[in-house]
Amino acid sequence: MDAEEYKENLRKGLEGSFDFKAAPECLQPYADIWAVYNQVNEKYFLSKKVSLYSMNNDEYVSVVSVEELSPEFLFRAREVFAGYISSLKVQEGHMSSLFTLAIISPNEISSGVIDSLSKLKFHKDFCFTFKGWADWALVLIDLKNRKIYSNAKGKASIKNFQSFLELN
């Protein structure tokens, strides 16, 4: 399986829940695919006209393929995403956002890159969590060895990304 096949499998798998949009300009180099999922939970009192509260949970998935992956590339991606997330103005009712960067490598991922994963994390609280928070997950897809690696926030997504490897 090559990177384009994997991206197509991933796109088909995400179609049911995610919307595909143009990535924010600063994230363009890291987004061959930009998928957005917005979930709104509301609690009503007697009627839908009387809303007690509303909570928004958002998830963003950015997918890019890279021939030669290096720790420097990953650290730069973290800086770019951290800058973007830090600059966000959250809406009323925002609870959480998860930004996942999935990097597809057709070649074997080096041990140096895998070792750097534990250092790559980002968490942002908005107004001391009164307006929610955002996290950054990083997932590396090694097509040659058919393996998935991730930082701590990406661990929950490993099975999902692995399932797209098993389609072919």
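The values are calculated or read from the model by the stated rules, or taken from the named source; none is laboratory data. On a predicted model such as this, the values are computed, not experimentally measured, just so you know. All Cβ positions, even for glycine, are placed from backbone atoms using ideal geometry, and neighbour counts span all protein chains on display. Protein only, heavy atoms only, side chains kept; ligands, DNA and RNA dropped before computing areas. Shrake-Rupley method; radii C 1.70, N 1.55, O 1.52, S 1.80 Å.
Some notes on this structure:
- The stretch 75-120: number of residues that are among the basic types (Lys, Arg) and either modelled with pLDDT of 95 or more or touching a Ser or Thr at 6+ places or on another chain (Cβ under 9 Å) (or both): 2
- Restricting the stretch 100-129 to residues that are part of a loop (DSSP other than H, G, I, E, B) and within 20 Å of PRO71 (Cβ to Cβ), the residue that is most open to solvent (accessible area, probe 1.4 Å) is LYS121.
Residue-wise test of (1) outside any strand (DSSP E or B); (2) in contact (Cβ under 8 Å) with a residue 12 or more places away in the chain; (3) in contact with a helix residue (DSSP H, G or I) (Cβ under 7 Å, 6 or more places away or on another chain).
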{"position": "MET55", "(1), (2), (3)": "no, yes, no"}
{"position": "VAL61", "(1), (2), (3)": "no, yes, yes"}
{"position": "VAL64", "(1), (2), (3)": "no, yes, yes"}
{"position": "ARG76", "(1), (2), (3)": "yes, no, no"}
{"position": "VAL90", "(1), (2), (3)": "yes, yes, no"}
{"position": "SER96", "(1), (2), (3)": "no, yes, no"}
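- Checked against (1) open to solvent by 80 Å² or more (accessible area, probe 1.4 Å); (2) modelled with pLDDT under 75; (3) not aromatic (Phe, Trp, Tyr), VAL40 passes all but condition (2).
- Identity of the residue in the stretch 69-99, of a type in the set (Phe, Trp, Tyr) and under 16 Å from the mean Cα position of the chain (by Cα), that ends up surrounded by the fewest Cβ atoms within 10 Å (Cβ to Cβ): PHE75
- Condition met for LYS12 (without any contact (Cβ under 8 Å) to a residue 12 or more places away in the chain, open to solvent by 30 Å² or more (accessible area, probe 1.4 Å), in a helix (DSSP H, G or I) and farther than 18 Å from SER105 by Cβ): yes
- Residue in the stretch 58-67 that is open to solvent by 50 Å² or more (accessible area, probe 1.4 Å), within 26 Å of ASN107 (Cβ to Cβ) and of a type outside the set (Ser, Thr, Tyr) present: yes
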